[in-house]
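Only one structure is covered here, and it is reproduced in the block below.
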Amino acid sequence: MASPPLISETEPWKDLRVHVDDIMKSHLRELMSDADRCQSMMVEFDGMLLDYSRQCATLDTLKKLYNLAGAAHLKEKINRMFNGERINTTENRSVLHIALRAPRDSVLNSDGKNVVPDVWQVLDKIKDFSERVRSGVWIGATGKVLKDVIAIGIGGSFLGPLFVHTALQTDPEATEFASGRQLRFLANVDPIDVARNIAGLNPETTLVVVVSKTFTTAETMLNARTLREWISAALGPQAVSKHMVAVSTNLTLVEKFGIDPNNAFAFWDWVGGRYSVCSAVGVLPLSLQYGFDVVEKFLKGASSIDQHFHSAPFEQNLPVLLGLLSVWNVSFLGYPARAILPYSQALEKFAPHIQQVSMESNGKGVSIDGVPLPYETGEIDFGEPGTNGQHSFYQLIHQGRVIPCDFIGVVKSQQPVYMKGEVVSNHDELMSNFFAQPDALAYGKTPEQLLNENVPHHLITHKTFSGNRPSVSLLLPSLHAYNIGQLLAIYEHRVAVEGFIWGINSFDQWGVELGKSLATRVRTQLHASRKKGEPVEGFNFSTATVLTRYLEASADVPKEDCTILPKM
Ligand code: F6P
């Protein structure tokens, strides 16, 4: 059967291509002087304000983008996702992370079965377990309360929970419930990460949560075996059942590892790893730290965006607007990157999380039908909280390459500081930058302005800012668990919108497999060379040379089978 036409073959795509020339003739300086245009490029939802007036776009561009959405069958694709259809075709799975935060009485079907009761069964189990741990009913092998948690996991089993934890860590509503408790994340297989995680912790008071969708990820499983050894060495092997629990879709492997299946928290193959923060992957560690009630607010925030995404008209729909504008920037204006710039230190782990959500989802080279694409998909996402980023990479954004920016600001600081004699509060100082930077990018500074300021002639070109650099600004009312959930879901769905338009499968990740299988060959070689002195064989010249150098230079590692844990 012939594949449906690629989106680039449709009239709306071609129309947008032609439209680029019109837009290139305009400058944001002029576009921004049209107050009506700017007013129509602001959208409010649930206390949030999205301002996309600093996009290199007119209302005509938006119309054309809606036509593109029509040609890509965006509405139908969103509905297919919400209907639980198997839209992840290469893995033959539905994509239902929205079910993870759906209200208890709602219905979301996968293969004709409502999955919401299963979700709530696990949430109820997490609530019960986390309350028992937090209240000291569930205690460690030596009778001590488990006040510290190490969550082991990588990629989607790490980045989302870390982002949410970091965001909640300074929220007064959440911290009240975290008193005396610690949550740490062990992700990297680097033994330094083990050392950092166990430093200062006592196995007697530590609960380890092994988080892995597959329960086969090499890094996570080695780290899990390492911490199992850390617990056994200190407390005896029988202590493991009290000090280790698991989150996985693979309960058989959980049991094989030695964790009691009663202490395992399930999720399902219709949850992609990078979309799993609202499953037990995030909910268990976060509930252990902050209590289930706080985490439930986070789920409610995400759910509010799910409903908005499903039902709001495209003109008012935050994820749809953001997704369409991203496609405009990447595919038509030719800006392949995006900077995520939250003006909140609490959101310092947001960009790393979105890097995975976006780049693992949309970094694809073929259509969902396997047809090589004549256009690029995906964005290069990176970011840092403002104002730190300003003193780092903003130079390039202002005068080097054009990088569309997401400015994310918060009205009420989690931790306000006011000081007598200061011109503004510390949060206002931060927000002065949030408001200034988008205009600096949009307007720039002309040679004429510089001449008027008596800038020496030889510095004019150096001090000129071309401007016309696009950004969006998203202003959140506050940063409580609910808003954090909203922010997460806006970005998750924005990425889906982009993928739906590009006609790719945003829910598989075959690109991560090749490196994993090559590492297996190297691992086998390292074992053979270290234990049996076998020479390096079967690799290309470069790899063989450097591998041999590595082995020779580290010949002093123990030859005999022994256990050595970090001593920090
Ligand atoms: O290597 C990428 C990946 O497969 C991600 O998609 C996933 O989030 C991560 O590895 C961890 O996988 P798991 O949860 O199965 O350990």
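Which residues, counting only those in region 237-279, are within 22 Å of the chain's Cα centre (by Cα), small (Gly, Ala, Ser) and open to solvent by 10 Å² or more (accessible area, probe 1.4 Å)?
Within region 237-279, Ala266, Gly272, Gly273 meet the criteria.
Got at least one residue in region 338-347 being farther than 24 Å from Leu28 by Cβ and not in a helix (DSSP H, G or I)?
Within region 338-347 (the criterion being farther than 24 Å from Leu28 by Cβ and not in a helix (DSSP H, G or I)), the answer is yes, since at least one residue qualifies.
Filter region 253-280 for residues that are within 14 Å of the ligand (Cβ to nearest atom), touching a strand residue (DSSP E or B) at 6+ places or on another chain (Cβ under 6 Å), over 19 Å from Leu207 (Cβ atoms) and among the aromatic types (Phe, Trp, Tyr) and give the result.
Selection gives nothing.
Taking only region 456-482 into account, find how many residues are open to solvent by 10 Å² or more (accessible area, probe 1.4 Å), in a helix (DSSP H, G or I) and of a type outside the set (Ser, Thr, Tyr).
Residues that pass the stated criteria total 6.
With respect to Ser361, is the statement that it is modelled with pLDDT of 95 or more, within 16 Å of the ligand (Cβ to nearest atom), of a type in the set (Ser, Thr, Tyr) and crowded, with 16+ Cβ neighbours inside 10 Å true?
yes
Restricting attention to region 62-90, and to residues there that are assigned to a loop (DSSP other than H, G, I, E, B) and out of contact with any Gly (no Cβ under 9 Å at 6 or more places or on another chain), which single residue is nearest to Ser367 (Cα to Cα)?
Thr89
Output the residues belonging to region 303-321 that are among the hydrophobic types (A, V, I, L, M, F, W, C) and not in a helix (DSSP H, G or I).
Once the filter is applied, which keeps residues that are among the hydrophobic types (A, V, I, L, M, F, W, C) and not in a helix (DSSP H, G or I), region 303-321 yields only Ala312.
Can you say whether Ser33 is in contact with an Asp or Glu (Cβ under 9 Å, 6 or more places away or on another chain), among the small types (Gly, Ala, Ser), open to solvent by 50 Å² or more (accessible area, probe 1.4 Å) and assigned to a loop (DSSP other than H, G, I, E, B), as far as the supplied structure shows? It would help to see each step written out before you state the result.
Values: in contact with an Asp or Glu (Cβ under 9 Å, 6 or more places away or on another chain): no; among the small types (Gly, Ala, Ser): yes; open to solvent by 50 Å² or more (accessible area, probe 1.4 Å): yes; assigned to a loop (DSSP other than H, G, I, E, B): yes.
Answer is no for this residue.
Go through region 494-522 and give me each residue that's within 16 Å of the ligand (Cβ to nearest atom) and farther than 30 Å from Asn67 by Cα.
Passing the criteria: Trp510, Gly511, Val512, Glu513, Leu514, Gly515, Lys516, Ser517, Leu518, Ala519, Thr520.
Among the residues that make up region 482-504, is at least one of them polar (S, T, N, Q) and closer than 30 Å to Val320 by Cβ? Working first, answer last.
Narrowing region 482-504 to residues polar (S, T, N, Q): 483, 486.
Filter again for closer than 30 Å to Val320 by Cβ, leaving 483, 486.
Yes: one or more hits.
Taking Gly291, is it within 14 Å of the ligand (Cβ to nearest atom), under 25 Å from Ile484 (Cβ atoms) and modelled with pLDDT of 95 or more?
Values: within 14 Å of the ligand (Cβ to nearest atom): no; under 25 Å from Ile484 (Cβ atoms): yes; modelled with pLDDT of 95 or more: yes.
For Gly291, the condition - within 14 Å of the ligand (Cβ to nearest atom), under 25 Å from Ile484 (Cβ atoms) and modelled with pLDDT of 95 or more - is not met.
Of the conditions (1) out of contact with any Pro (no Cβ under 7 Å at 6 or more places or on another chain); (2) open to solvent by less than 40 Å² (accessible area, probe 1.4 Å), Pro404 fails just one. Which one is it?
Looking at each condition in turn, Pro404 falls short on (1).
Could you please find all residues in region 217-252 being within 11 Å of the ligand (Cβ to nearest atom) and in contact with a Leu (Cβ under 7 Å, 6 or more places away or on another chain)?
Asn223, Val247
The values are calculated or read from the model by the stated rules, or taken from the named source; none is laboratory data. It should be emphasised that the depicted structure is a prediction, and the values quoted were computed from it without experimental measurement. Neighbour counts run over all protein chains shown; Cβ positions are idealised from the backbone, glycine included. Side chains are part of the model used for accessible areas, which takes the heavy atoms of the whole protein and leaves out ligands, DNA and RNA. Shrake-Rupley method; radii C 1.70, N 1.55, O 1.52, S 1.80 Å.
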